[in-house]
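Participant: Let me give you the structure first, and then I'll get to my questions.
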Amino acid sequence: MAFGLLYDFLMGQCIEAHNYFGAHFNENEKGEKFVTFRLYAPSADDVSVIGDWNNWDVTANKMNKIDDCGVWECTISNLNNYQCYKFHFRNAHGEYVDKADPYAFFSETRPGTCSRLFDNRNFAWHDDPWLKQRTRNFDKPMSIYEMHLGSWYGKAADGHILSYEEIADQLIPYINGMGYTHVEIMPIVQHPFDGSWGYQAVGFYSIDSKYGNPFQLMSLVDRLHQAGIGVIIDFAPVHFATDKWALAEYDGTYLYEYNNEHRVSPWGSYQFDLGKDPVRSFLMSAMNYFVDYFHFDGIRVDAVSNIIYYNGDSSKGENSGAVEFIKRLNGKMHIAHDSIMMIAEDSTAFSGTTRPIEYGGLGFDYKWDLGWMNDTLKYYATDPIYKKYDHNKLTFSMAYFYADNFMLPLSHDEVVHGKGTIINKMWGDYNNKFALLRNLYTYQFGHPGKKLNFMGNELGTFDEWNEQRGLQWDLKRFPMHDSVTRLVKDLNFIYRAYKPMYFEEHNPVHFNWLMVDNADQSVFAFEREVDGEVLVFVFNMTPNYYEFINIPLLHEGKYEEILNTDKDVYGGANQYNGLPCETQPGSFEGKPYHMTIKLGSLAACIFKKVKDESEKKEPTKKTTKK
């Protein structure tokens, strides 16, 4: 076998397997269209392509074995988009089976199980200006709106499921109006059960056909890019659905899955054997396909803890083959696309998730800070009487923050399976819950790290997310819910407007605790500063109201309040600081200055230092990413 794509595939080094395997349209010199089918099935024999064009005749279109490694091929003329097909062959057990194409670009909608032809070449893109300026956003604001396509807006008035293009019509003005910078779409590969939300797939190259065809998804991404909105795709390379017509025991052997006790995942699905080189090429190519063909700006890799450790259990030891897969994936993706983001949903304390591969890390760009999420939500659920005993839950995150490039998630995982919604997790009665919710969102935006919120968080909904219905948009008729939406919108635009909130946030010189040990009052304050631009964040975590409270400061001058969650426009009691606050000399918590402010019950405030005309801006030297 000659060195080339197939060799790389077998060695686990290929990220372009989708350009070789599957069903590909081409034209000959006369312009006549034909489709070349290729299948990797080493233990198969007597292989045919069956489809609606040959009336599912297993003798009509036999495939030829073109390589001893197990590659089968045939070419068929006069085929068209949307025609259904499967591969028919005798497997390792001597049984004849019909299997979907693992590399199919399109599939039937349920209950159909066939692959469908689709010529995904020559889409007319209009997002070149976006791609030319795209970066991995290390020193840019990134506020991500995580969403499930089918249950965001809900169904149309006549009951039909909105297509990718119809969703774009509603989504683009909403995202821009709310100030989010990116959307993250939960898995949109073909999956047999809506309740899996796409995380247990059967087609890893086949987009979810209930929303439309590949060109319609390309149109959605293209239009989002033209509107200045980045798009991240959620991808689950850990496991797949157990349906017999798909990947499970594909050629009669455990071609894709483990053949031992690790085969069945904690979710009841089958786990990919990430130590097998063809499996590595299959999955790396799938993720590259979505970046290459659909122009996605980033990939959020699901369940990284279950990749690093067997079943996510560190006591079972590191899965060295799977860890090598992750390093190879990130390395190759960054070489092929130096501006796309690789994001890890990793709940482990594994050292070096976002460290470069050459320095012993996994090579991700960002890691979800699930420790921050868990500690924070537990703290906000605590009765204020006992908060002083859990004071460290809100300070601990900054002790390890600089070890990785973190993203702060309030994701779909926190609003399902009886966990309650974000507002339901807050302590107290109706009004206290809303006050704490506003406080929490301000804390999330003030804390260093990129931001991610699941759809509906901005509505303050009390009902858990259900993939079968749209969000409760009618809640916006009620002032308390609408005020949460307004706050999130204002936070997004403040975040984007002020450099200290996003620039070099993993450089510790830009963050300072101002009030960190005030456990008895449960009041926190910290400063973020870049190029002489200073923001001060203050949080009151109890219902106590302070007409006057001293906040220690590092910098002398005037401070203007730019956000207060207790304002009436956000549903608060309107206890805010209308005039600039001037510093006074005097040491609190070791700081040389302080200012006296009014601090509402359960309120969060953001102050900006008013620059004196004599102050000169000194440019910040950009540090190298760790």
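Participant: So for the stretch 571-587 (the condition being at pLDDT 95 or above, under 34 Å from the mean Cα position of the chain (by Cα) and on the phi < 0 side of the Ramachandran plot), does at least one residue qualify?
Facilitator: For the stretch 571-587, residues at pLDDT 95 or above, under 34 Å from the mean Cα position of the chain (by Cα) and on the phi < 0 side of the Ramachandran plot: present.
Participant: If you go through the stretch 229-259 one residue at a time, how many are within 15 Å of Gly321 (Cβ to Cβ) and out of contact with any Phe, Trp or Tyr (no Cβ under 9 Å at 6 or more places or on another chain)? Reasoning before the result, please.
Facilitator: Within the stretch 229-259, the subset within 15 Å of Gly321 (Cβ to Cβ) is 237-238, 254, 256-259.
Those left that are additionally out of contact with any Phe, Trp or Tyr (no Cβ under 9 Å at 6 or more places or on another chain): 259.
The number of residues fulfilling the criteria is 1.
Participant: Could you say whether any residue in the stretch 49-62 is closer than 20 Å to Pro214 by Cα and touching an Asp or Glu at 6+ places or on another chain (Cβ under 9 Å)? Step through it out loud before you land on a result.
Facilitator: We begin by selecting, within the stretch 49-62, every residue closer than 20 Å to Pro214 by Cα; these are none.
Taking every residue of the stretch 49-62 in turn, none turns out to be closer than 20 Å to Pro214 by Cα and touching an Asp or Glu at 6+ places or on another chain (Cβ under 9 Å).
Participant: When the residues of the stretch 421-462 are narrowed to those that are in a loop (DSSP other than H, G, I, E, B) and open to solvent by 10 Å² or more (accessible area, probe 1.4 Å), which ends up farthest from Ile606 (Cα to Cα)?
Facilitator: Within the stretch 421-462, the subset in a loop (DSSP other than H, G, I, E, B) is 421, 426-429, 447-449, 455-456, 460-462.
Subsequent filtering for residues that are open to solvent by 10 Å² or more (accessible area, probe 1.4 Å) retains 427-429, 461-462.
On the way: Trp427: 23, Gly428: 24, Asp429: 25, Thr461: 25, Phe462: 27 Å.
By that ranking, first place goes to Phe462.
Participant: Can we say Asp68 is at pLDDT below 95, over 30 Å from Phe296 (Cβ atoms) and open to solvent by 50 Å² or more (accessible area, probe 1.4 Å)?
Facilitator: Numbers: at pLDDT below 95: yes; over 30 Å from Phe296 (Cβ atoms): yes; open to solvent by 50 Å² or more (accessible area, probe 1.4 Å): yes.
Against the criterion (at pLDDT below 95, over 30 Å from Phe296 (Cβ atoms) and open to solvent by 50 Å² or more (accessible area, probe 1.4 Å)), Asp68 qualifies.
Participant: In addition: Given the structure, is Phe503 in contact (Cβ under 8 Å) with a residue 40 or more places away in the chain, crowded, with 16+ Cβ neighbours inside 10 Å, closer than 16 Å to Asn392 by Cα and not hydroxyl-bearing (Ser, Thr, Tyr)?
Facilitator: For Phe503, the condition - in contact (Cβ under 8 Å) with a residue 40 or more places away in the chain, crowded, with 16+ Cβ neighbours inside 10 Å, closer than 16 Å to Asn392 by Cα and not hydroxyl-bearing (Ser, Thr, Tyr) - is not met.
Participant: Okay, moving on. Out of curiosity, is Gly31 at positive phi and either modelled with pLDDT of 95 or more or touching a Cys at 6+ places or on another chain (Cβ under 9 Å) (or both)? Break it down stepwise before answering.
Facilitator: Values: at positive phi: yes; either modelled with pLDDT of 95 or more or touching a Cys at 6+ places or on another chain (Cβ under 9 Å) (or both): no.
Considered against the rule, which asks whether it is at positive phi and either modelled with pLDDT of 95 or more or touching a Cys at 6+ places or on another chain (Cβ under 9 Å) (or both), Gly31 comes out as no.
Participant: If I filter the stretch 1-36 down to residues being aliphatic (A, V, I, L, M), in contact with a Phe, Trp or Tyr (Cβ under 6 Å, 6 or more places away or on another chain) and within 17 Å of Pro102 (Cα to Cα), which single residue comes out as surrounded by the fewest Cβ atoms within 10 Å (Cβ to Cβ)?
Facilitator: Val35
Participant: Here is a further query. Just for the stretch 370-390: of the residues that are open to solvent by less than 40 Å² (accessible area, probe 1.4 Å) and in contact with an Asp or Glu (Cβ under 8 Å, 6 or more places away or on another chain), which one is farthest from Asp302 (Cα to Cα)?
Facilitator: Thr382
Participant: Follow-up. Name the residues in the stretch 175-212 that are free of Cβ contacts under 8 Å to residues at least 60 places away in the same chain, outside any loop (DSSP other than H, G, I, E, B) and surrounded by fewer than 16 Cβ atoms within 10 Å (Cβ to Cβ), would you?
Facilitator: Within the stretch 175-212, just Asn176 meets the criteria.
Participant: Kindly check whether there is at least one residue in the stretch 226-242 that is more than 22 Å from Met341 (Cβ to Cβ), aromatic (Phe, Trp, Tyr) and open to solvent by 40 Å² or more (accessible area, probe 1.4 Å). Step through it out loud before you land on a result.
Facilitator: At the first step, the residues of the stretch 226-242 found to be more than 22 Å from Met341 (Cβ to Cβ) are 239-242.
From the residues that got through so far, the ones that are aromatic (Phe, Trp, Tyr) too are 240.
With open to solvent by 40 Å² or more (accessible area, probe 1.4 Å) added as a condition, the list becomes none.
No; the residues of the stretch 226-242 include none that is more than 22 Å from Met341 (Cβ to Cβ), aromatic (Phe, Trp, Tyr) and open to solvent by 40 Å² or more (accessible area, probe 1.4 Å).
Participant: Of everything in the stretch 529-547 that's acidic (Asp, Glu) and assigned to a strand (DSSP E or B), which residue is most open to solvent (accessible area, probe 1.4 Å)? Give the steps one after another, and end with the answer.
Facilitator: Of all residues in the stretch 529-547, those acidic (Asp, Glu) come to 529, 531, 533, 547.
When the remaining residues are screened for being assigned to a strand (DSSP E or B), the result is 529, 533, 547.
Numbers: Glu529: 42, Glu533: 53, Glu547: 83 Å².
So the residue we want is Glu547.
Participant: Something else about it: Within the stretch 270-289, identify whether any single residue is surrounded by fewer than 16 Cβ atoms within 10 Å (Cβ to Cβ) and without any contact (Cβ under 8 Å) to a residue 40 or more places away in the chain, and answer yes or no. Full working, then the answer.
Facilitator: Keep residues of the stretch 270-289 that are surrounded by fewer than 16 Cβ atoms within 10 Å (Cβ to Cβ), which gives none.
Within the stretch 270-289, not a single residue is surrounded by fewer than 16 Cβ atoms within 10 Å (Cβ to Cβ) and without any contact (Cβ under 8 Å) to a residue 40 or more places away in the chain.
Participant: Between Leu514, Leu563, Leu602, which is modelled with pLDDT of 95 or more, closer than 20 Å to Ala399 by Cβ and either crowded, with 19+ Cβ neighbours inside 10 Å or of a type in the set (Phe, Trp, Tyr) (or both)? Quick ask: steps written out before the conclusion?
Facilitator: Working: Leu563 fails: closer than 20 Å to Ala399 by Cβ; Leu602 fails: closer than 20 Å to Ala399 by Cβ.
Being modelled with pLDDT of 95 or more, closer than 20 Å to Ala399 by Cβ and either crowded, with 19+ Cβ neighbours inside 10 Å or of a type in the set (Phe, Trp, Tyr) (or both) holds for just one of Leu514, Leu563, Leu602, which is Leu514.
Participant: Still on this structure, please answer the following. Please count how many residues of the stretch 463-475 are part of a loop (DSSP other than H, G, I, E, B) and either in contact (Cβ under 8 Å) with a residue 60 or more places away in the chain or farther than 13 Å from Trp152 by Cβ (or both).
Facilitator: Kept after step one, since they are part of a loop (DSSP other than H, G, I, E, B), are these residues of the stretch 463-475: 463-472.
Then drop every residue that is not either in contact (Cβ under 8 Å) with a residue 60 or more places away in the chain or farther than 13 Å from Trp152 by Cβ (or both), which leaves 463-471.
Qualifying residue count for the region: 9.
Participant: Going by the structure shown, is Thr353 open to solvent by less than 20 Å² (accessible area, probe 1.4 Å) and touching a residue at least 40 places away in the same chain (Cβ under 8 Å)? I'd like the intermediate steps shown before the answer.
Facilitator: On the way: open to solvent by less than 20 Å² (accessible area, probe 1.4 Å): yes; touching a residue at least 40 places away in the same chain (Cβ under 8 Å): yes.
Yes: the conditions hold for Thr353.
Participant: Moving to a separate point now. So how many residues does the stretch 37-65 have that are farther than 14 Å from Thr75 by Cβ, open to solvent by less than 70 Å² (accessible area, probe 1.4 Å) and in a loop (DSSP other than H, G, I, E, B)?
Facilitator: Final tally of qualifying residues: 6.
Participant: Working only within the stretch 358-394, note down all residues that are closer than 20 Å to Phe445 by Cα and of a type in the set (Phe, Trp, Tyr).
Facilitator: Matches in the stretch 358-394: Tyr366, Trp368, Trp372, Tyr379, Tyr380.
Participant: Can you spot a residue in the stretch 247-268 that is part of a strand (DSSP E or B), under 26 Å from Glu16 (Cα atoms) and touching a residue at least 24 places away in the same chain (Cβ under 8 Å)?
Facilitator: In the first step, residues of the stretch 247-268 are kept if they are part of a strand (DSSP E or B); the result is 257, 264.
Those left that are additionally under 26 Å from Glu16 (Cα atoms): 257.
Filter once more, so that each one left must be touching a residue at least 24 places away in the same chain (Cβ under 8 Å): none.
Checking the stretch 247-268: not a single residue is part of a strand (DSSP E or B), under 26 Å from Glu16 (Cα atoms) and touching a residue at least 24 places away in the same chain (Cβ under 8 Å).
Participant: Given the structure, is Asp313 farther than 24 Å from Pro278 by Cβ, open to solvent by 30 Å² or more (accessible area, probe 1.4 Å) and among the acidic types (Asp, Glu)?
Facilitator: Details: farther than 24 Å from Pro278 by Cβ: yes; open to solvent by 30 Å² or more (accessible area, probe 1.4 Å): yes; among the acidic types (Asp, Glu): yes.
Here the answer is yes, as Asp313 does meet what is asked.
Participant: Of the conditions (1) open to solvent by less than 20 Å² (accessible area, probe 1.4 Å); (2) touching a Ser or Thr at 6+ places or on another chain (Cβ under 6 Å), Glu165 fails just one. Which one is it?
Facilitator: (1)
Participant: Continuing with the same structure: Go through (1) surrounded by 20 or more Cβ atoms within 10 Å (Cβ to Cβ); (2) under 24 Å from Lys433 (Cβ atoms) and name the single condition Phe526 misses.
Facilitator: Of the numbered conditions (1) surrounded by 20 or more Cβ atoms within 10 Å (Cβ to Cβ); (2) under 24 Å from Lys433 (Cβ atoms), the odd one out for Phe526 is (2).
The values are calculated or read from the model by the stated rules, or taken from the named source; none is laboratory data. What you see is a predicted model, and the numbers here were worked out from it, not measured in a lab. Ideal geometry is used to build each Cβ from the backbone, glycine not excepted, and the neighbour counts take in all protein chains shown. These area figures cover heavy atoms from the full protein model, side chains too; ligands, DNA and RNA do not enter into them. Shrake-Rupley method; radii C 1.70, N 1.55, O 1.52, S 1.80 Å.
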